[in-house]
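Reading through the C-alpha cells given below for one structure.
The values are calculated or read from the model by the stated rules, or taken from the named source; none is laboratory data. These figures come from a predicted structure and were not determined experimentally. Methodologically, a virtual Cβ is constructed for each residue, glycine included, from the backbone with ideal geometry; neighbour enumeration extends over all protein chains shown.
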Amino acid sequence: MTLTDRKILFTGATGQAFRPAAEALARDNEVWCAARFTDPVVRRDLESVGIKTIPWVMGAGNVVGLPSDFTHVVHAAPYRGQPDSDTAAQANAVAAGMLMHHCRAADAFVFVSAFAVYKQPPSPDHRIAESDPLGGHAPYAPTYPIGKLAAEAAVRAFAGVLGLRTTIARLNVCYGPTGWGGVPVEFFGRILAGEPVWLPEDGSDIWSSPISTDDVTMFLPRLWDVASTAPTIVNLAGDDALSLREYCTLLARQAGLEVDFVPSAESRQSYASDNTRRRSLIGDCRVGWAEGMRWAIEAHYPNAFTGTPTSIAGKAAVNIWGQR
C-alpha cells in the first residue's frame, strides 16, 4: 500500500527507529510529529523536510493544538523512566489510551511495542513467536517491560471500545542512520574505541533478529493495512537470527579491528524472532543484515570500512538506556 495525500501523526519520530519512516512519508503526505523535543536541532531538521511539530509529554494530558483528523497514527514513543514501575505503567498506558481516543476517527493506528514484553525464553537462541508467554524481561531497564505491557493492554481495550483498527508491532533490535543508531552501531563504536562488548555473565551469547530502518519504513504502511479492532499483533524483526558474537566479529573483521568480548552485568538481553506471522501478513525484509549494518555504521562513522573511520558530531551518542 502506497500512502499519498494522507494526514499522519507520529510519536517517537525524533528517535532512531521511526524517524526515517516519518521523513519518507512526508514527501507525499501531511506528517505531524508530537514529542518533547529536548533537542531543538532534531525539531528543526524534521521541520526542514516538511514535518509539522508539536510539543507533547506522554500521559500529561491532551495536546493543545493537535488536530484530531489524522487518517493514520503510529505511536512509537515510550516512557522509559527508571526505576518507578508505577509511573512507567501509568504514563505508557494513559498516553496510549488518550492518544487513541483523540485520534479515534483515524483509518488505522499502529502501537509500537517491544520484545521486552516476552517472558525470558527457555534458551538464548529460541525464536519467539507472538503466541509465546508474556511476562517482561529486561534487567537493564526493569520498568520498560511493565510500561509496554500496560500500554498493550490499554491499546487492546481502546481499539475495541473505539472501533479503531489497530496493530501492535513488537519491535526487535533496530538499526539505522538516525538517532543513536541502534545496538549494532553502538557496539561498533565501542569496538572502534577499544572498549569491550558485553556478554552475559554466565558466558552465553545474546541473540536477536535485527531489522533495518529501511525495512521498518517499508513495513509501516502494511502494518496499518492489516490493522483490526481486535488488534493485530506481529513481531517487527529482521529475517535472520543472529548472535552478538557473530555480527560484532564480522563487522570488526571488515573494519580491520578486533573485539574484546567481556562478561558483564551491563549486557542487554535480546531475543531472536519467529517471523512466520510477519511473513504471512506483510512479507519479507529487503535489507540483508550484513549490508544493512554496514550502511548504518557508515552513516555514523564515515570510512568505517574503507579507511580511517571518524564519528559524526551528534551521532553515535549515549544510547536510550543511558549506557555507553
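Before moving on, here are some points about what is shown:
- Check on ARG277, basic (Lys, Arg) and under 30 Å from ALA157 (Cβ atoms): yes
- Every residue from the stretch 178-205 that is over 21 Å from VAL287 (Cβ atoms) and among the β-branched types (Val, Ile, Thr): ILE191, VAL197
- Scope the stretch 223-253; condition assigned to a helix (DSSP H, G or I) and either among the charged types (D, E, K, R) or at pLDDT below 95 (or both); matching residues: ASP225, ARG245, GLU246, ARG253
- Annotation note: of ASP45, ASP86, ASP28, the sole residue that is of a type in the set (Asp, Glu) and in contact with a Ser or Thr (Cβ under 6 Å, 6 or more places away or on another chain) is ASP28.
- Close contacts from the stretch 268-286, counting a first residue that is within 18 Å of LEU220 (Cα to Cα) and a second that is among the charged types (D, E, K, R) and in a loop (DSSP other than H, G, I, E, B), with Cβ to Cβ under 8 Å and a gap of 6+ residues or different chains, come to ASN275/ASP239; ARG277/GLU130; ASP284/ASP239; CYS285/ASP239.
- Failed item in (1) without any contact (Cβ under 8 Å) to a residue 40 or more places away in the chain; (2) closer than 28 Å to ALA159 by Cα, with GLU291 passing the rest: (2)
- Pairs meeting the criteria (first residue in the stretch 240-256 and closer than 22 Å to ASN172 by Cβ, second residue of a type in the set (Lys, Arg), beta carbons under 8 Å, at least 6 apart or on different chains) are ALA241/ARG127; LEU251/ARG294.
- The condition (being in a loop (DSSP other than H, G, I, E, B) and buried (at least 24 other Cβ atoms within 10 Å of the Cβ)) is satisfied by just one residue among ALA88, ALA77, ALA96: ALA77.
- Sub-7 Å Cβ pairs linking a first residue in the stretch 33-62 that is touching a residue at least 60 places away in the same chain (Cβ under 8 Å) and closer than 23 Å to THR87 by Cα to a second residue that is of a type outside the set (D, E, K, R) and surrounded by fewer than 18 Cβ atoms within 10 Å (Cβ to Cβ), at least 6 apart or interchain, number zero.
- Residue that is modelled with the lowest pLDDT [pool: residues in the stretch 35-53 that are more than 18 Å from ARG6 (Cα to Cα) and among the β-branched types (Val, Ile, Thr)]: THR38
- Scanning the stretch 21-54 for residues that are in contact with a strand residue (DSSP E or B) (Cβ under 9 Å, 6 or more places away or on another chain), buried (at least 17 other Cβ atoms within 10 Å of the Cβ), under 23 Å from TRP180 (Cα atoms) and not β-branched (Val, Ile, Thr) yields ALA21, ALA22, GLU23, LEU25, ALA26, TRP32, CYS33, ALA34, ALA35, PHE37, ARG43, LEU46.
- Identity of the residue in the stretch 125-151, more than 19 Å from THR276 (Cα to Cα) and in contact with a Phe, Trp or Tyr (Cβ under 8 Å, 6 or more places away or on another chain), that ends up modelled with the highest pLDDT: ALA151
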